Amino acid sequence: MAKNTKLDLRGQLMYSVFVRNHTKEGTFRALVDDLDRIAALGTDIIWLMPIHPIGKVARKGELGSPYAISDYRGINPEYGTKEDLIHLVQQIHERGMKCIIDVVYNHTAPDSVLADIHPEYFFCDADGHPSRHVADWWDIVDLQYTDRGLWDYQIETLKMWAGIVDGFRCDVASMVPVDFWCEAREAVAQVNPECIWLAESVFQDHVRGMRAQGAYSATDSELYAAFDITYPYDVWDAFDGYFNGTNTLGEYIRVLNFQEGVYPGNYVKLRCLENHDQPRFAGRVESDAELRSWMALSYFERGTTMLYAGEEFGAEKAVGLFDKDDNFGDIREDWQAYLKLLRQMKRRLPLTGEYRLDCRGEEFVVGKYNSPEGKVRGIFSMKGASGDLFVDLPDGVYRDLVDGREVAVCGGFAHTDGEPVIIAKEEAK
């Protein structure tokens, strides 16, 4: 685990922004106008998806993928200027939030600055042509971290941006050597010792597939040597499987609990229901009660909760990465008021001590925190059903941490009418 990771990240909220599709203008300046609303959700960290120029060769779609970068040290002119970015970050800071940017260090666009001046930095096929390890990523070429010059260039670039922003979300971080990330973190700390490091760790099938072809791919456990937070992709197959009918809710909950026993004691996981690479979650569930329960569970889980822009409105439309689109299309309902309540609840969760989720009958999930900071219990009805669940708290009347209603515990059991119930017992300090 990164030795100086701060456990308060477990209690924070991240909000992901695709600048191109967040506003009609798709610019840094236009995004400023939405910062008050984003801050009101209780956001601690804004993550800007790639802000750099996009390559023109082999583009996907009309505008190209923001992950096919042509210049790591430049700004996408469609978004504005470097001065516009600095202004945006200043405005984010004035509202008490931090800003991290996407770092795409596994690959570049085929016509990138580095591909032009340093072809020796790139992975090549048997014929000596720049290539990639994932065939479907045909708009990029992979970097290969065997040349010390590439390490130096990338680290200097990170130090440059660390003077402006508060951290980095590192795209497919698993495919870049952990030793590089460790050295980069140490160097960046000289510029910004509070820098936040989020790794897009990958699916287990991806790790196995890369290793099968002789390519490098690190696991979450390895990445924690350098990163504060890793993606939930280690268990995403079971999450998908529940909604696709290939595994049970209980099997998903079991792999979530598995994380508590295999990662460092101060690990931090990103907790999300969707992101720019995954389906909109609102389209997975039919009832609003189910949606509220899954939202509440996402905030209750130990880790940094992440919202993908538009999720707070129950947007159901998948957002295209390669053309101009709208992050707020096909809105289902405005959930902002509810998410603000969940954010207040999350601030009450212990950052240390015992944490566990239990599945009850494939319909309910009961979560618990036991810590010197207090005991918290959560009941989540994943199908909107009512029931009485054992919560192992002293009998009495409690106040729900989300909506403030009274919740009675009798014989150690609490009732849910289909809505999430989250109650706490304070411990003596």
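The values are calculated or read from the model by the stated rules, or taken from the named source; none is laboratory data. As the structure is a prediction and not an experimental result, all values here were calculated from the model. All Cβ positions, even for glycine, are placed from backbone atoms using ideal geometry, and neighbour counts span all protein chains on display. All accessible areas refer to the heavy atoms of the entire protein, side chains included, with ligands and DNA or RNA removed. Shrake-Rupley method; radii C 1.70, N 1.55, O 1.52, S 1.80 Å.
Matching residues to (1) in a loop (DSSP other than H, G, I, E, B); (2) of a type in the set (Val, Ile, Thr); (3) within 18 Å of Asp171 (Cβ to Cβ):
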{"residue": "Asp36", "(1), (2), (3)": "no, no, no"}
{"residue": "His52", "(1), (2), (3)": "yes, no, yes"}
{"residue": "Lys60", "(1), (2), (3)": "yes, no, yes"}
{"residue": "Pro66", "(1), (2), (3)": "yes, no, yes"}
{"residue": "Tyr72", "(1), (2), (3)": "yes, no, yes"}
{"residue": "Ile75", "(1), (2), (3)": "yes, yes, yes"}
{"residue": "Tyr79", "(1), (2), (3)": "yes, no, yes"}
**OP:** Identify all residues within the range 105-126 that are surrounded by 18 or more Cβ atoms within 10 Å (Cβ to Cβ), of a type outside the set (A, V, I, L, M, F, W, C) and either modelled with pLDDT under 95 or under 20 Å from Pro66 (Cβ atoms) (or both); write none if there are none.
**Re:** Tyr105, Asn106, His107, Thr108, Pro110, Ser112
Subject >> Matching residues, the range 189-225, being surrounded by 14 or more Cβ atoms within 10 Å (Cβ to Cβ) and within 15 Å of Arg169 (Cα to Cα) >> reply: Cys195, Ile196, Trp197, Leu198, Ala199, Glu200, Ser201, Val202, Asp220, Leu223, Tyr224
Subject >> Residue, nearest to Gly96 (Cα to Cα), within the range 21-34, restricted to residues that are open to solvent by less than 50 Å² (accessible area, probe 1.4 Å) and in a loop (DSSP other than H, G, I, E, B) >> reply: Asp34
Original post:
Of the numbered conditions (1) in contact with a helix residue (DSSP H, G or I) (Cβ under 6 Å, 6 or more places away or on another chain); (2) more than 30 Å from Thr43 (Cα to Cα), Gly80 satisfies every one except a single condition; which is it?
Top reply: (2)
Original post:
Here are Asp237, Asp228, Asp166, Asp147: which of them is of a type in the set (D, E, K, R), in contact (Cβ under 8 Å) with a residue 24 or more places away in the chain, open to solvent by 10 Å² or more (accessible area, probe 1.4 Å) and closer than 30 Å to Leu291 by Cβ?
Top reply: Asp237
**OP:** Find all pairs meeting these conditions: Cβ atoms under 8 angstrom apart; at least six residues apart or on different chains; first residue within the range 308-321 and without any contact (Cβ under 8 Å) to a residue 24 or more places away in the chain; second residue of a type outside the set (A, V, I, L, M, F, W, C) and in a helix (DSSP H, G or I).
**Re:** Phe313/Gln336
**OP:** Might you check whether a residue that is free of Cβ contacts under 8 Å to residues at least 24 places away in the same chain, of a type in the set (A, V, I, L, M, F, W, C), in contact with a strand residue (DSSP E or B) (Cβ under 6 Å, 6 or more places away or on another chain) and surrounded by 17 or more Cβ atoms within 10 Å (Cβ to Cβ) occurs anywhere in the range 390-407?
**Re:** yes
Original post:
How many of the residues making up the range 326-358 are in contact with a Phe, Trp or Tyr (Cβ under 8 Å, 6 or more places away or on another chain), among the hydrophobic types (A, V, I, L, M, F, W, C) and over 30 Å from Gly265 (Cβ atoms)?
Top reply: 3
Original post:
Do we find a residue being of a type in the set (Ser, Thr, Tyr), in contact (Cβ under 8 Å) with a residue 24 or more places away in the chain and within 20 Å of Ala414 (Cβ to Cβ) anywhere in the range 294-305?
Top reply: yes
**OP:** Mind listing whichever residues of the range 245-259 are closer than 20 Å to Phe380 by Cα and either open to solvent by 10 Å² or more (accessible area, probe 1.4 Å) or of a type in the set (A, V, I, L, M) (or both)?
**Re:** Gly245, Asn247, Thr248, Leu249, Glu251, Tyr252, Ile253, Arg254, Val255, Leu256, Asn257, Phe258
**OP:** Could you list all residues from the range 1-18 that are under 16 Å from the mean Cα position of the chain (by Cα) and of a type in the set (Ser, Thr, Tyr)?
**Re:** Tyr15, Ser16
**OP:** Select from the range 240-251 the residues that are touching a residue at least 40 places away in the same chain (Cβ under 8 Å) and assigned to a helix (DSSP H, G or I) and write down the one among them that is nearest to Tyr355 (Cα to Cα).
**Re:** Gly250
**OP:** Quickly run through the range 183-231 and pick out the residues that are of a type in the set (A, V, I, L, M, F, W, C), within 15 Å of Val103 (Cβ to Cβ) and over 17 Å from the mean Cα position of the chain (by Cα).
**Re:** Ala184, Ala187, Val188, Val191
Original post:
In the range 4-20, is there at least one residue being among the aromatic types (Phe, Trp, Tyr), within 20 Å of Asn192 (Cα to Cα), open to solvent by less than 10 Å² (accessible area, probe 1.4 Å) and assigned to a strand (DSSP E or B)?
Top reply: no
Original post:
Of all residues in the range 335-367 being of a type outside the set (A, V, I, L, M) and part of a strand (DSSP E or B), which is surrounded by the fewest Cβ atoms within 10 Å (Cβ to Cβ)?
Top reply: Glu354
